[in-house]
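Worksheet: the structure to be examined is printed underneath.
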Amino acid sequence: MPDNSPKTLPGRRSALASHLRPGVFGAQCERGPLVTLSERTGLTLVQVTARAADKRKAGPAIKKVTGVSPPPKTGETRIADDGTAVHCIGPERWLIVAETAAPDAMTAALREALGNTTAAVVDLSSGRAVVRISGPKAAAVMMAATPIDLHPDVLPAPACAHTLIAQAAGLIAVFEEAEERIFELHLQRSYAGHLWEFLTETAAQYGYSVTD
Amino acid sequence: MIRLDCPHCGPRDQTEFNYGGDGRIERPGDDASLTAWNDFVYTRDNPRGPHVELWQHTAGCRQWIKVARDTLTHEIIAVGTMGDDIEAKIADPDRGGVEA
Amino acid sequence: MSKPCPINDHRLPTGGLIDRQRQKSFVFDGRRYCGYEGDTLASALLANGVHLAGRSFKYHRPRGIFSDGPEEPNALVEMRIGARREPNTRATMVELYDGLIANSQNRFPALSFDLQAVNQWLSPGLVAGFYYKTFMWPKKGWMFYEHIIRHAAGLGTATLEPDPDLYEKVHAHCDVLVIGGGPAGIAAALAAGRAGARVMLCDERPDLGGTLRYEEREIDGKPALDWAGGHLAELAGMPDVTVLRRTTAFGTYDGNTVGLVERVSDHLPTPAPFQVRQRMWTVRAKKIVLATGAIERPLVFPNNDKPGVMLASAVRSYIRQYGVKPGERAVLFATNDDAYRTALALNEAGAGVTVVDPRGEHGTAWPERVRDAGIEVLTGHVITSLKGRLRVKEVLAMESDGRGHKGSPRPIAADLVAVSGGWAPTLHLATHAGAKATWDEERGSFVPDMTKCRADMTVVGSANGTNTLSGAIEEGFATGAAAAKAVGKSAPDPISVEVDDPAEAPVRSLWKVEPAQGQPSKSFVDLQNDATAKDIEIANREGYISVEHMKRYTTLGMATDQGKTANVNGLALLAEARGQSIPDVGTTTFRPPYTPVTLGAMVGRHTAKHYKPIRRTPMHDWHTDAGAVFVEAGLWLRPQYYPRPGEDVHAAMRREVKMTRNGVGLCDVSTLGKIDIQGPDAAEFLNRTYSNGFKTLAVGKARYGLMLREDGIVYDDGTTSRLGENHYLMTTTTGHAVEVMGLLEYYAQVLWPELDVQLTSVTDHWAAIAVAGPKSRTVLADAIAGIDFSNQGLPFMGVADGTLDGVPARVFRISFSGDLAYEIQVPADHGHQAWKALMAAGEAHDICPYGMEALNIMRIEKGFVTHAEIDGRTTPGDLGLDKMASRKKSYIGRFLLEREALKDPDRPTLIGLRPVDGKATIRAGSILVRDPVTAGPDDMEGHVTSQCYSPTFGEPIALALLKNGPNRIGETIWATFPLYNVSVQCEITPTVRFDPDGSKVKGETTDA
């Protein structure tokens, strides 16, 4: 059956299509569900890996295309005015996350801006499942999901960390929106179902809502 | 469990890394003897005490790093990138750590 | 409740921290009793006059509740029934809940009448090491003895039903982890919390306070429990402080890591919906403060194991914490002043008390205070034995120094004997990390020696031998403050407390009371494992003089309580037997866990289908809807076959092969590893990595590549395509995708950092679909726009870009089936769409989805190798791929491939097999021999690596490695499988049976 959900472009099918159902689930709490889960779709995800010798040249190219200079240190995140995030996920390696689905345009623009600079520009838009978790007990769920320290003193938003999430390797991006701390998880697409099951089973004890 | 202070990502559990063997051996050149190649692949020292080894941060930044670890106490003496001089850090008399 | 609750006869009218408004009803050994909220199962049983709690492990002696804590050796009960039944649970640690059901263990038919008590009469033969000396002859008798021993051995029965509960594991980080919520621990957490550090404080009980909950002490003129409560409330209000109740720290591990188990729902009949039963915490702390207190040591004297014998501190805990009167007439046998508090508590509760103390008259206030209360104190006396069967009823005391008894025994009627030989600091978590325990003669106990401790840990309070309340609080606070300061916080304001700590006389170390003439002599050291003082003497006499040997020979300290009330006495007795000092004898090593940890907590949610992550392809849902049966390939789920109504696996896979070979089939191959390789040195990188040449690969072409290990053995294979000037896409096998990526990064970062090449894993970004069969070209020409599918337009091993249903699609003309075939890659989000588009385009040609079984059959027919042949022992030459091992360049594995043994022409080499009778299955793994009847190990000539039934050839076929195989085509050989006693005579065939000249794959034959 074609996926007619408005969140996906014609023909696109999320890896969570058969797993995700909107609603409120789990334990009933007086305060209501203490965890909110949602999937982010329609993103452009492009990874840029520059050669160390050329790093000063990759920066301006990324800035030209995204509007923000790529952060130099692994674990740093910078956000452009239009919400595009640039995460440094390793030495000379950045993941660019843009909020509209236009991977071809972005890869082309980056390649042009880079010119002769040696840097690999790879579209990963289809290769990741992206899930957001927020709410008073989001941190408690994350404590079950990952072994790293997520305390705001250690990971002040915005920031990122590539680590183990539910036993698979993925990226945790931390944002602060309306004074709320939000975790955005990027996992390889093939793990999407597994991640969703893990998060929902863990969050059930706190009550969780799934939003579109 | 062992914690490794990845030079790029910071302190992480060993479960995020993959062990990559002795970090002191050098790969022979193309003209080396078969014996030299055989030693490279099969022969290893088994030191009791500080050991330089390679680990890959597979769940993190995907970088290969050098680690000086005490094989007896699991104390992590020093961690660095492939370009860092780890030997110097082992030899440093001011480094802390526990006597075996 | 319908029936009124039976009255707790032995409950004091007032007092205790229990909630007398909330009654709980429970069943023990089939009888119904009542208790209150705040009771443990043990305290509730005592309140109901139940002292007999179990039968001992070896001798089946009647045993009673001994302690009020995790050190309980006797009262091990089977908790609950059905799927949640849990044996060997200490009744002292069970929180009473309404409807609780528990049963005693190790007795038949009943606790009060246990047939196996006969063991007591056999006891001279059951001493230490008896099982090394008995049941030895005759040898064949062992199978008979073993059956009986198994039946008699063990304590309790585990359930065989699946665990219905959920468990969870979480990770935590903090600056200061304080283990133990008594006065020292609370003070430490308070100091660190006030300094602004991230603090975790854990305690194994439901309420914190430790000894303050039963010692009626005053701090600053107020009840000590109020002091504790106030500070706990303050801690609860600190956002960076986490207080965990019902949580045991069970082990210290490398890197200042501590494992905790939180008993989230053990105190409830069932967990709340969605709630876990237990939660394991892996805590990484910068600083650890160990405030675990101490465990009281019993005294070793004849018949010291009877029900009614209890640790002195436990007696006053039952009185003050639970409002229970544990006996009417008590004797306190103690070698230290602290235990005298129990005499006063018993007196207040209205019980008669006599104190027996081997020490002479000494000048401290304690004996005087006790005598002032009207209690008789017999100094210079010991208990020489007890009388009573199911409960103690009389004590025999004699004037003595422990060894030489004077005069005649004085009988004292008693139904309770409180014992105390001093205290043993609880140091397990320190010793886990390498700390030692040193003997402090003055204190008469071990104290921690942290010099060799690998963890950043400080011990405080009575665990550190600081036995005064004021000392414990001050030490705890100072340590918490120092810990906070060490992590960069500013020290909190110091506190001071006013506490009355009366002076105490030194402890007398009395390790055992010698049996008196005419009296019983059996003295127990380890109550749980039934190890006696005599066992230790025997061990020493027989040469097991090392403390580690003594432990294992006598089993002292090896029960589920790890000898918490036995270890110190045990090694002190060994020292006496050896005529040495305690420090000379040393201690055994403690290892985690401190108390038993359930496997559920260790597993958490990673059970059943969550044991490992599951990876699904982009078309997974389509396969599910089509009724595919899945198979696990590593972490992936792959369609194994797509059964049509009435088909079993064999019928399905044969049909899928036939339909593909005769028409067109499609297969989901998304699981193969895909690695994007870019950079000016990409070609050089590939050339050094693969055994065959890659420098001449043209843009728009694909090439099969072989990857070796450094020792010349084949590691992996795949197809690499050149997409652009400096842009390549490598594929790997599904099984090795992750490892190959790590290996390539090793080459790029460690071996050849000078090469300008970047690697990115794109396995999940691309959905990949194989389309195979004579009609594949027709179908694809229809479905995909922008590509000329003629032989010239897209030749064999060519790569081209087009669009499929509006989606960019890359087409590789490669074949794993041996037929004319292609592989289509589209972005994974469009995989489902692409699959459906191809199914639609192929409908007119009867396109058939095929799974792993069919895939495997076709590749065996074509003689292609997989990890069944690339098994970690085979070289390129063994696989018939010697031409792929270049002699002109340097690459990984090149040099060790030159080793003589790897060039030996006698090495088993790849060939095909068919059964001579055209019918028999040639089992994979069969050994190839000339004569299966006479063949021995020296006659093995090879083995069968893969096999299948070939629908194309109408018979079973196989691939095998055979000595000198390629030169023996047409000969016969036997494939024998000794385990199943099956041998099949085979004809040796070429490896490639299907389309040997490759004309189908190269498109030289035209099919409609």
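The values are calculated or read from the model by the stated rules, or taken from the named source; none is laboratory data. None of these values were measured; they are calculated from a predicted model. Backbone-built Cβ (ideal geometry, glycine too); neighbour counts: all protein chains shown. To get the accessible areas, we keep the full protein, side chains included, count just its heavy atoms, and leave off ligands, DNA and RNA. Shrake-Rupley method; radii C 1.70, N 1.55, O 1.52, S 1.80 Å.
Annotations for the structure displayed:
- Those strands (runs of 3 or more DSSP E) lying entirely in region C:238-329 with at least 1 residues more than 30 Å from C:R217 (Cβ to Cβ), in contact (Cβ under 8 Å) with a residue 40 or more places away in the chain and basic (K, R): C:278-290
- Residues of region C:623-662 that are of a type in the set (K, R) and over 22 Å from C:Y611 (Cβ atoms): C:R644, C:R654, C:R655, C:K658, C:R661.
- Pair list, Cβ under 6 Å, 6 or more apart: region C:971-987 residue in contact (Cβ under 8 Å) with a residue 24 or more places away in the chain, other residue among the basic types (K, R) and open to solvent by 70 Å² or more (accessible area, probe 1.4 Å): C:F977/C:R923
- Evaluating C:G54 against the criteria (1) open to solvent by less than 20 Å² (accessible area, probe 1.4 Å); (2) assigned to a strand (DSSP E or B); (3) of a type outside the set (S, T, N, Q); (4) over 15 Å from C:Q105 (Cα atoms) leaves one unmet condition, (4).
- From A:A157, A:A173, residue being buried (at least 23 other Cβ atoms within 10 Å of the Cβ), more than 10 Å from chain C (Cβ to nearest Cβ) and in contact with an Asp or Glu (Cβ under 6 Å, 6 or more places away or on another chain): A:A173
- The number of residues in region C:215-237 being in a loop (DSSP other than H, G, I, E, B) and modelled with pLDDT under 95 comes to 5.
Here is a yes/no grid of residues against (1) within 14 Å of chain B (Cβ to nearest Cβ); (2) surrounded by 24 or more Cβ atoms within 10 Å (Cβ to Cβ); (3) over 30 Å from C:G327 (Cα atoms):
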position: C:A413; (1), (2), (3): no, no, no
position: C:A418; (1), (2), (3): no, yes, no
position: C:G421; (1), (2), (3): no, yes, no
position: C:W439; (1), (2), (3): no, no, yes
position: C:R443; (1), (2), (3): no, no, yes
position: C:V447; (1), (2), (3): no, no, yes
position: C:K452; (1), (2), (3): yes, no, yes
position: C:A472; (1), (2), (3): no, yes, yes
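Quick grid of which residues meet (1) in contact with a Gly (Cβ under 6 Å, 6 or more places away or on another chain); (2) within 13 Å of another protein chain (Cβ to nearest Cβ); (3) assigned to a strand (DSSP E or B):
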site	(1), (2), (3)
C:L686	no, no, no
C:A698	no, no, no
C:L706	no, no, yes
C:G712	yes, yes, no
C:L723	no, yes, yes
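- The residues of region C:606-635 that are within 11 Å of another protein chain (Cβ to nearest Cβ), touching a residue at least 60 places away in the same chain (Cβ under 8 Å) and not in a loop (DSSP other than H, G, I, E, B), listed by number, are C:D621, C:W622.
- When C:R813 is tested against (1) buried (at least 20 other Cβ atoms within 10 Å of the Cβ); (2) closer than 25 Å to A:S190 by Cβ; (3) more than 10 Å from chain A (Cβ to nearest Cβ); (4) out of contact with any Lys or Arg (no Cβ under 6 Å at 6 or more places or on another chain), exactly one condition is not met: (2).
- Residue within region C:768-790 that is within 13 Å of C:L666 (Cα to Cα), within 14 Å of chain A (Cβ to nearest Cβ) and within 42 Å of the chain's Cα centre (by Cα) present: yes
- Residue in region B:20-33 that is surrounded by 15 or more Cβ atoms within 10 Å (Cβ to Cβ) and polar (S, T, N, Q) present: no
- Here B:D13 meets the list (1) under 13 Å from the mean Cα position of the chain (by Cα); (2) within 14 Å of chain A (Cβ to nearest Cβ); (3) open to solvent by less than 30 Å² (accessible area, probe 1.4 Å) almost entirely, failing just condition (1).
- Residue, nearest to C:K836 (Cα to Cα), within region C:636-682, restricted to residues that are within 14 Å of another protein chain (Cβ to nearest Cβ) and among the hydrophobic types (A, V, I, L, M, F, W, C): C:V669
- Here A:W196 clears all of (1) more than 26 Å from C:G634 (Cα to Cα); (2) under 15 Å from the mean Cα position of the chain (by Cα); (3) open to solvent by less than 20 Å² (accessible area, probe 1.4 Å); (4) not β-branched (V, I, T) except the condition numbered (1).
- With respect to the conditions (1) modelled with pLDDT of 90 or more; (2) open to solvent by less than 30 Å² (accessible area, probe 1.4 Å); (3) of a type outside the set (A, V, I, L, M, F, W, C), A:D54 falls short on a single one, namely (1).
- Of all residues in region B:27-43 being under 17 Å from C:V750 (Cβ atoms) and either in contact with a strand residue (DSSP E or B) (Cβ under 8 Å, 6 or more places away or on another chain) or free of Cβ contacts under 8 Å to residues at least 12 places away in the same chain (or both), the one that is farthest from the other protein chains (Cβ to nearest Cβ): B:G29
- Among the residues making up region C:729-752, those that are within 14 Å of chain A (Cβ to nearest Cβ) and touching a helix residue (DSSP H, G or I) at 6+ places or on another chain (Cβ under 9 Å) are C:M730, C:L744, C:A748, C:W752.
- Counted as qualifying within region C:905-1008 are the strands (runs of 3 or more DSSP E) with 2 or more residues that are within 30 Å of C:Y822 (Cβ to Cβ), namely C:908-915, C:942-950, C:955-963.
- Flag if C:R887 is in contact (Cβ under 8 Å) with a residue 12 or more places away in the chain and surrounded by fewer than 22 Cβ atoms within 10 Å (Cβ to Cβ): no
- Taking region C:236-285 as the range and being of a type in the set (D, E) and away from every other protein chain (no Cβ under 11 Å) as the test, the residues that pass are C:E262, C:D266.
- Hits in region C:833-862 - residues which are open to solvent by 10 Å² or more (accessible area, probe 1.4 Å) and either within 44 Å of the chain's Cα centre (by Cα) or within 14 Å of chain A (Cβ to nearest Cβ) (or both): C:Q833, C:K836, C:A837, C:M839, C:A840, C:P849, C:M852, C:E853, C:L855, C:N856
- Restricting attention to region C:791-810, the residues that are facing chain A (nearest Cβ under 10 Å) and within 49 Å of the chain's Cα centre (by Cα) total 2.
- Region C:175-197 residues that are modelled with pLDDT under 95, paired with ones that are open to solvent by less than 10 Å² (accessible area, probe 1.4 Å) and part of a loop (DSSP other than H, G, I, E, B) (beta carbon under 7 Å, 6 or more apart): none
- 1 or more residues of a type in the set (S, T, N, Q) and within 12 Å of another protein chain (Cβ to nearest Cβ): qualifying strands (runs of 3 or more DSSP E) within region A:38-145: A:44-50
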